[in-house]
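The values are calculated or read from the model by the stated rules, or taken from the named source; none is laboratory data. Keep in mind that this is a model prediction, so the values were computed, not measured. Here Cβ is always computed from backbone atoms with ideal geometry, including for glycine, and neighbour counts include all displayed protein chains. The area values use the complete protein model at the heavy-atom level, side chains included, leaving out ligands, DNA and RNA. Shrake-Rupley method; radii C 1.70, N 1.55, O 1.52, S 1.80 Å.
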Amino acid sequence: MPGRCNLAAIALAAALAGCAGDLPTLGSLVAPGEPAAVAGASPDTPGYSPFNEQPASAVGRREVIDNPSIAEIMQPGELPEMALGRADAPVTIVQYASMTCPYCRQFQRDTFPVLKREYIDTGKVRYILREFPIGHQSGLATIALRCAPAEKYFALYDKLMAQQPAWVSQEVRPDPIFKVAAQVGMTRAQFDSCRENRGMIQALNRVKERGRTLGVIGTPNFFVQGKLVKTVIGIKEIREMVDPILAGRVAASGGTAKAR
């Protein structure tokens, strides 16, 4: 199943759109030449989108790195990386996700628990989640996600994905998103203040643009030890990519890897 939704899939999924970075999502595409966020607009303004939805043809200045190195992929940004697992794990998996993407929800529900149990918790994989918001509601959910305390980030991400059908819509609807954020202790005052945090929104925009520079075209996209995978992957595909790397490290060390 491709990570990049086609128009038929978008129509079929209705409000659960938000997988294709350069395809129009329902009610979310900024017109060519129009700024991503209009000066003076608020998060409740109809048509408001805090994130750049323009394809490269509209922007005209975006450069894409061919075969980016691991150093380029891991280049530090303004916001802290949201990561799980050992910092010195032999394999790093970076996922780019949009909060409204049904395939990201599928990965979180079906694959991530096994990935965490077998690879992250055992010290084999360092997992990094990067935001790639597509559409109005995805943008607002992403802002709320970054407003959560760092220790609650992944708990809120999991809740937003699990409850995706309850809060996704084609219109700007902050209240359903807040209901989920409140489940990890976020107050309404914190939620509303965060929605106005232009500095954080601009930094999140640069996370998305950096992803595009690295070749990310939609969600979910993954970098598995530097290899870009532009499709949904399951635990079978993860094992096929990760296990040979782990086996190679054991062979190179001349014996069995030490328990961590």
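Remarks
- Note on the stretch 97-128: residues that are touching a Ser or Thr at 6+ places or on another chain (Cβ under 6 Å) and either part of a helix (DSSP H, G or I) or under 22 Å from Ala203 (Cα atoms) (or both) total 6.
- Cβ-Cβ under 8 Å pairs, at least 6 apart or on other chains, the stretch 169-181 side assigned to a helix (DSSP H, G or I) and at pLDDT 95 or above, far side open to solvent by 80 Å² or more (accessible area, probe 1.4 Å) and among the basic types (Lys, Arg): Phe178/Arg188
- Tally, over the stretch 140-189, of residues that are among the small types (Gly, Ala, Ser), open to solvent by 20 Å² or more (accessible area, probe 1.4 Å) and under 20 Å from Ile201 (Cα atoms): 2
- Residues of the stretch 92-130 satisfying the condition of being in contact with a strand residue (DSSP E or B) (Cβ under 7 Å, 6 or more places away or on another chain) and under 20 Å from Gln170 (Cβ atoms): Ala97, Cys104
- Residues satisfying the stated conditions in the stretch 80-112, i.e. open to solvent by less than 60 Å² (accessible area, probe 1.4 Å) and over 14 Å from the mean Cα position of the chain (by Cα): Leu84, Gly85, Ala89, Pro90, Val91, Thr92, Thr111
- Restricting the stretch 198-235 to residues that are in a strand (DSSP E or B) and touching a Phe, Trp or Tyr at 6+ places or on another chain (Cβ under 9 Å) leaves a set whose member that is modelled with the lowest pLDDT is Thr231.
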